[in-house]
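Where a number appears in this text, it was derived from the coordinates with a stated rule and is not lab data. Not measured: the values here are computed from a predicted model. Using ideal geometry, Cβ is built from the backbone for each residue, glycine included, and neighbour counts are taken over all protein chains shown.
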Amino acid sequence: MFHRTIQRTAGGTYVVTLPKEYVKSLGLDRKHVVKITLEDDRIILHPTGTKPVIQSKTIRTADFRDPKLLGLAIVNFYIMGHDIAEVVSEGKMTPAQKKSVREAVENLIGVEIVEDYADRVVLQSLVDPSKFEIDVLLERFTQFSRAIMRDAAKALSNDDKLLARDAYERGVELTRQYRLMMRICFQALRSSTIRETIKVGDVSSLVVRIIAVRELGRVAYYCMKMAERVEEAEKSGGEISMIIDEMVQLVDNMLEDALQALLKHDLGLASEVIDKMENVRNLYAKAYKQIIKKPEKEAYTLGLIIRAVRAIAGYSVALADDAILEIFSK
């Protein structure tokens, strides 16, 4: 960190010198243009036309003896916004380690293995965050999650195992999209330029978006688990089926309204979502009374299904809370 004294010219203009090391590291020189913005209690300089900084990280297999942990490390370095990850080993990497690396890459959008040797693997992310708008991604992700939940409910009513399997596989794919959204958010956290390109106004809005992505990630997880359990379940008819359909319709609307409350800064809509949670609890209790009359195995699976729907409702309420946080942060 450097300290500089503000000077004042005869004409009344304030000037300050910049550290040479900082200027050179960004490839700047005389006559380069910088944007100046006021952010809370800070004056920020934004270089224009500079090359993006490449974020790289080395992952040593010795730090992750369990291949599963190695895979988690790769995923988390991706989420944190690193462009290049070099996985290195003191000796030859084991087949289990290589498999873990490849599986991690398969579950990340835009990552490729650019170098692959016995003791070293280099991964590179080719995703350009400037091509995305975070709110558009949030809307699309929510729509996909809602479709999975609705299809799972339809599959349960119609005993459609193929539809349930399809819904589950779409849920698995959402995991990749969730990681991409988190990555873009963390990249924006470090770069005001990226914040501008993804259409996020300020850091406080970005923080709320990061929290919202986390909530939606849990929503997608429970939609996927619901579809998985439906594939295992027997056909559900009669009153139980009607109650579950009613729950799903209610929660589907809650999820849509919660997202719109966040995007449109609608306090009233957020409040309505929170109030509807009581209706979800009542429907859950009503369904549970019917489920416990079923044989043990069937009751267990149906119980997991309605718990998943209730969990989705809970995270919809959390998303509505995020909307309220966004509104009052302005």
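Tabulated results
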| item | result |
| --- | --- |
| Ranked by how many other beta carbons lie within 10 Å on average, peptides 166-178, 10-22, 311-323 from highest | 311-323, 166-178, 10-22 |
| Residue 293-residue 66 FRET efficiency (beta carbon distance; Förster radius 45 Å; 0.05 resolution) | 0.50 |
| Least to most buried among 93, 182 (fewest other Cβ within 10 Å first) | 182, 93 |
| Calculated from backbone phi, Karplus (6.51, -1.76, 1.60) coupling profile of the stretch 135-148 in Hz, x at Gly/Pro | 5, 5, 5, 4, 4, 5, 4, 5, 4, 5, 5, 4, 5, 5 |
| Using alpha-carbon coordinates, inclination of helix 67-79 to the longest axis of the chain, degrees | 60 degrees |
| Neighbour-limited loop hits for chymotrypsin sites (Phe, Trp or Tyr not before Pro), the stretch 35-123 (at most 16 other Cβ within 10 Å; DSSP other than H, G, I, E, B) | 117 |
| Exposure proxy order (Cβ contacts within 10 Å, fewest to most) of 280, 208 | 208, 280 |
| Neighbour-count order for 185, 223, fewest beta carbons within 10 angstrom listed first | 185, 223 |
| Cα gyration tensor category, rounded, prolate or oblate, for the chain with a/c compared to 1.5 | oblate |
| With 10 Å bins from 0: P(r) over the stretch 206-257, alpha-carbon pairs, percent | 20, 42, 26, 10, 2 |
| Nearby lysines by direct alpha-carbon distance to residue 20 (threshold 25 angstrom, same-chain neighbours under 8 apart not counted) | 31, 35, 51 |
| Loop GluC sites (Glu not before Pro), the stretch 226-316 (other Cβ atoms within 10 Å of the site Cβ: 13 or fewer; DSSP) | 234 |
| Counting DSSP beta bridges with both ends in the stretch 56-125, the antiparallel % (nearest 5) | 65 percent |
| Cross-link pairs beyond the 29 Å C-alpha cut-off, checked among 154/199; 154/286; 99/225; 225/294 | 154/199 |
| Table column - 3J(HN,Hα) (Hz), the stretch 262-274, Karplus curve with 6.51, -1.76, 1.60, x for Gly and Pro | 5, 6, 9, 6, 9, 5, x, 5, 4, 5, 4, 4, 4 |
| Rounded to 10°, Cα long-axis angle of helix 95-106 versus longest principal axis of the chain | 90 degrees |
